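The values are calculated or read from the model by the stated rules, or taken from the named source; none is laboratory data. Bear in mind that the values here come from a model prediction, so they are computed numbers and not experimental data. Virtual Cβ from ideal backbone geometry, glycine too; neighbours counted across all protein chains shown. Note: accessible area is taken over every heavy atom of the protein model, side chains too, but ligands, DNA and RNA are not part of it. Shrake-Rupley method; radii C 1.70, N 1.55, O 1.52, S 1.80 Å.
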Amino acid sequence: MPKITFIGAGSTIFAKRLLVDILTFPELTDATIFLHDIDEKRLETSTLVAHKVVQACNAAATIHSSTNRREALDGANYVITMIQVAGYKPGTVIDFEIPKKYGLYQTIADTLGIGGIMRGLRTIPVLLDICRDMEELCPDALLLQYVNPMVMNCWAINIATSIKTVGLCHSVPHTAQYLATDLKIPYEEMNYLVAGINHVAFFLKLEHQGKDLYPQLRAFAKNEDAPIRRRGMVDAVRYEVFQRLGYFVTESSEHFAEYVPWFIKRGRPDLLTKFNIPLDEYINRCERQISEWDALREKLLTEETTLDMQRSAEYGSLIIHSMETGQPRTIYGNVPNANLITNLPSEVPVELPCLVDKNGIQPTHIGELPPQLAALMQTNINVHRLTVEAALTQKREHIYHAAMLDPHTAAELDLVQIHSMVDELIEAHGCWLPTYQ
């Protein structure tokens, strides 16, 4: 009977998704689930949802909830982090609005760019505090780390703590499903191999019944009438990158557009139109999610609600189930490189296939990536490394350095603007950041 602790369980919709995944495994129905959040109202809603999931699964799981993090962590076997430090307001809004004053526009701002840098700086200290509690209260627990910016967060945890962790993201299976749809191939029949860093990982192999699918995908990409759409968005950015670099990237077009200097440029509205780039997409997404959460809470409080019990593509429950039962599985996880990808830095977290069973997370050795892919990743790794350095040393100069070397920021702003913007962002974040010297 494992104890599974959710940190940031007030992310009700995501917590519910993981609860369904966990409790639909017969071997996990007697788990102890401990929900923690600092927001009492959100925690109350997530607790209501958790009890409904238990009932719908006819499970024997025990649900606990508390705003006391140490109580939630004590004796845990698995810890799942899903926090958003400083929340949508003020954190995310600051990340978007101040850069706009300098003419710097973003789409998601949670992984790279100036928004990703600032999110990392306010998130890393909190994650390290969680890990220090874990070192005391559940030192052998596995941390299933879902919080962005994934590379920065996992890198800091790996350097500064002894906690075993794996970073998890659904971009690999979701993209594989999209490609299967585009190519009219049953997803279950596809074989693929992906490697890189989170959000900038590429399909090194894409096959169906032993046949390379890349020639077919290239033909599809050149078809101007092809329905290259995701959730109503044209997926043009990564198809363009695919045609230029020869491999398909895992992260969506709206994300990837801000990891490179080629698509969001002042004075080039034609690029935004041609590639259908949704500026401020994360702001709009947060507003929708807040409305959905408010509507869900109202329904839970006022009427009998039937929850959708369909399993998701998230890896968290699969890892827990494999480690508890010994059933072997392959998942995609973010783990320290340790020469798994030979032409990336050895200490950077990399995303690649991992075997999971009772022995835990066992990553696959990939070898050398195509040089153009490794070079592109390195432009992002530079920013991740410097942001982690800033967070761990609290040296303000490394925040400037990270912003100076960020591909999108450097393409749009000069050095004076970058320094001024960073200063303004630090001041606006106030107590959400430690003091930088």
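Data for the structure
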| quantity | calculated |
| --- | --- |
| Cleavage-rule hits, GluC sites (Glu not before Pro), segment 321-371, DSSP coil, Cβ neighbours within 10 Å at most 16 | Glu347, Glu368 |
| Positive minus negative residues near Ser171 (Lys, Arg vs Asp, Glu; Cβ under 10 Å) | -2 |
| Around Tyr332: net Lys/Arg minus Asp/Glu count, Cβ-Cβ under 12 Å | -1 |
| Per-residue [θ]222 nm for the chain (sum of -39500 (n - 2.57) over DSSP H runs n ≥ 4, rounded to 500) | -14500 deg cm²/dmol |
| Three-way shape label, segment 358-437, alpha-carbon gyration tensor, a/c 1.5 | oblate |
| All aspartates and glutamates inside 17 Å of Lys211 as judged from Cα atoms, apart from same-chain residues fewer than 8 positions distant | Asp182, Glu188, Glu189 |
| Quarter of the Cα convex hull surface for segment 68-204, i.e. its orientation-mean projected area (nm²) | 10.6 nm² |
| Cubic angstrom per residue, convex hull over Cα atoms of segment 1-112 | 110 Å³ |
| Percentage relative contact order, segment 1-142, counting C-alpha pairs under 8 Å, at least six apart | 26 percent |
| Segment 139-212: C-alpha gyration tensor shape, a/c 1.5 cut-off, then a/b vs b/c | prolate |
| Overall dimensions of segment 48-113 as given by Cα atoms, namely Rg and Dmax in Å | 18.6, 55 |
| Cα gyration tensor, segment 233-289 - rounded (a/c under 1.5), prolate or oblate | oblate |
| Most mobile of Pro336, Pro371, Pro125 in a GNM of the chain (Cα contacts under 10 Å) | Pro371 |
| Heavy-atom accessible area order for Asp182, Asp308, largest first, 1.4 Å probe | Asp308, Asp182 |
| Length-normalised contact order of segment 286-437 in % [C-alpha pairs under 8 Å, at least 6 apart] | 13 percent |
| Accessible area in the full protein assembly, largest first, 1.4 Å probe, for Ser65, Ser322 | Ser65, Ser322 |
| Pairwise centroid distance, computed over Cα atoms, of segment 394-437 with segment 89-105, Å | 12 Å |
| Relative contact order of the chain, pairs being alpha-carbon contacts under 8 Å that are 6 or more residues apart, as % | 18 percent |
| Hz values of 3J(HN,Hα) by residue in segment 236-250 - Karplus curve (6.51, -1.76, 1.60), Gly and Pro given as x | 6, 4, 6, 6, 5, 4, 4, 5, 8, 9, x, 9, 9, 8, 7 |
| Proximal aspartates and glutamates relative to Lys3, as straight alpha-carbon distance under 14 Å, when same-chain residues fewer than 8 apart are discounted | Glu27, Asp30, Glu71, Asp74, Asp140, Glu324 |
| If the convex hull is drawn through the Cα atoms of segment 238-354, its volume per residue in Å³ | 202 Å³ |
| For the chain, share of DSSP beta bridges that run antiparallel, in % to the nearest 5 | 55 percent |
| Range of Cα positions in segment 277-408 per principal axis (Å), largest first | 55, 42, 32 |
| Viscosity 0.890 mPa s, temperature 25 °C, Stokes-Einstein D of the chain from Kirkwood C-alpha radius, µm²/s | 109 µm²/s |
| Whole-Å distance, taken between Cα centres, linking segment 124-189 and segment 260-309 | 22 Å |
| Accessible surface of the chain [probe 1.4 Å, protein heavy atoms]: carbon and sulfur percent | 50 percent |
| Among Pro90, Pro407, Pro349: highest mean-square fluctuation, GNM of the chain, C-alpha pairs under 10 Å | Pro90 |
| DSSP loop trypsin sites (Lys or Arg not before Pro) with at most 10 other Cβ within 10 Å excluded, longest remaining stretch of the chain | 232-437 |
